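A.B. asks: Here it is, the structure, as structure tokens.
The values are calculated or read from the model by the stated rules, or taken from the named source; none is laboratory data. Only a predicted model underlies this, so the values are computations on that prediction, with no experimental measurement involved. Quick reminder, even Gly has a Cβ in these numbers, built from the backbone with ideal geometry, and neighbours come from all protein chains shown.
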Amino acid sequence: MASALATTALLLTGCTEASSSAGSCAANEVELGDSDLRPGGSVQLTVDWLYRTCEDTGGTARASDDVTVTITPAATGRSVLLGRPRPEGPAFTVSGRFALPADLARGEAVLGVHSHDGDGSGADVPVTIR
């Protein structure tokens, strides 16, 4: 069976450097779960703190209303929209499985999950499409 399973984690800094893991501006953790990284496969991911406003010194943080999940194969350089999920819960979490297009170019690619309003937040994760 020609499938590639990937589990990886990447830590990224939110809108400010934070000395503790509490708060919306703490380092974001992006997790790829059991994923079938091939054309026609799927990617399972979880991302916390997809915010519109980042308030780590008081005030009220707000979840983003404009989040995209994209993949950009190095072979084409063209970003492909996989979904527009809505952050949920107290950590403004996006979690789910996203289908990869059947015509997705094989090789190195960048999976991106980003908010596009307010302060913005998100992450890019390198992956290999088999």
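A.B. asks: Which residues, counting only those in region 62-88, are in contact with an Asp or Glu (Cβ under 6 Å, 6 or more places away or on another chain) and either within 14 Å of ASP124 (Cα to Cα) or crowded, with 19+ Cβ neighbours inside 10 Å (or both)?
C.D. replies: SER64, ALA74, listed by residue number.
A.B. asks: Looking at (1) at pLDDT 75 or above; (2) in contact with a Lys or Arg (Cβ under 7 Å, 6 or more places away or on another chain); (3) not in a strand (DSSP E or B), which is the only condition THR60 fails?
C.D. replies: (2)
A.B. asks: Pull up region 35-51, narrow it to residues that are polar (S, T, N, Q) and surrounded by fewer than 18 Cβ atoms within 10 Å (Cβ to Cβ), then point me to the one that is farthest from ASP103 (Cα to Cα).
C.D. replies: Only one residue fits best here, namely THR46.
A.B. asks: Here's something else I'd like to know. Looking at region 84-93, can you tell me whether even one residue there is part of a strand (DSSP E or B) and among the hydrophobic types (A, V, I, L, M, F, W, C)? Spell out how you get there, then give the answer.
C.D. replies: Going through region 84-93, the residues part of a strand (DSSP E or B) turn out to be 88, 93.
Those left that are additionally among the hydrophobic types (A, V, I, L, M, F, W, C): none.
Within region 84-93, none of the residues are part of a strand (DSSP E or B) and among the hydrophobic types (A, V, I, L, M, F, W, C).
A.B. asks: Is there a residue in region 102-119 that is surrounded by 20 or more Cβ atoms within 10 Å (Cβ to Cβ), in a loop (DSSP other than H, G, I, E, B) and within 14 Å of the chain's Cα centre (by Cα)?
C.D. replies: no
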